[in-house]
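Here the structure comes first, spelled out in structure tokens, and everything after it is commentary.
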């Protein structure tokens, strides 16, 4: 059914580059060169440079992320492209295409050596969930689309019913940084827990990191001992 839907969407809305409008795909070969790759990884707690994205020893707590990987700079023109996709369901596959563009860099660039070591442990891939009402409004979840692309490429188990959004929070972008942590208090829950494998927690954009840190906290408190974060943009 999904294959038929994909064909129908491509027929009705032929893919065009989100940056220059050229036909053939959401990111044409010329505009792929305009995407800015991040030159270093950061600690998921303090936000300062960290080798391979591993949390600094002096920052790590029992319930913090163990590491973080980001690849693209959330700057123009990618920022504008992602905003276009966010509320237009017929463009949702653009996020999957962006994830597929990122995969070769995750697999070869030295910045992701520690991520590759973590992947060797065969973690579960868990997307940051949307609240049910917001999912119905959008019709898709960027984090799940990214997680699905990565799971297929890396032959990992995608578990999208493990982490759930139990509270309808305000959009993070609408709040000042100091309010974001408070906004996410009690927002996530864990269900269908059958084993305690390492977890690769996936989202589309890292801004202050409040959402992913809150989700990791809940997973750690549920008994998962190792959680690594991954986003396409920062």
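Read-outs: derived from the displayed coordinates by stated rules, not from any lab. Computed from a predicted model, the values in this text were never measured in an experiment. Here the Cβ positions follow ideal geometry from the backbone for every residue, glycine too, while neighbour counts run over all protein chains shown.
Details
- The label-point distance for residue 61 and residue 22, in a model that sets each label 7 Å from Cα toward Cβ, rounds to 4.8 nm.
- Approximate spin-label separation residue 36-residue 167, in nm, with each point projected 7 Å along Cα-to-Cβ: 3.4
- Relative contact order for the stretch 7-115, counting Cα pairs under 8 Å that sit 6 or more residues apart, in percent: 23
- Theoretical FRET efficiency, 1/(1+(r/R0)^6), r = Cβ-Cβ of residue 79 and residue 197, R0 22 Å, to 0.05: 0.05
- Going from the residue with the fewest nearby Cβ atoms within 10 Å to the one with the most, 228, 154 rank 154, 228.
- Directionally averaged projected area (convex hull, Cα atoms, the stretch 36-233), nm²: 10.4
- Residue order, fewest to most surrounding Cβ atoms within 10 angstrom, among 87, 74: 87, 74
- Antiparallel content of DSSP bridges confined to the stretch 36-233, in %, to 5: 25
- Over the chain, Cα pairs under 8 Å with separation of 6+ residues give a relative contact order of 21 percent.
- Prolate/oblate/rounded call for the stretch 57-164, Cα gyration tensor, a/c under 1.5 rounded: prolate
- Helix-derived mean residue ellipticity, 222 nm - over the chain, DSSP H n ≥ 4, -39500 (n - 2.57), to 500: -10500 deg cm²/dmol
- Compared with the alpha-carbon gap, the fully stretched path from residue 207 to residue 87 is longer by 41.3 nm at 0.36 nm per residue.
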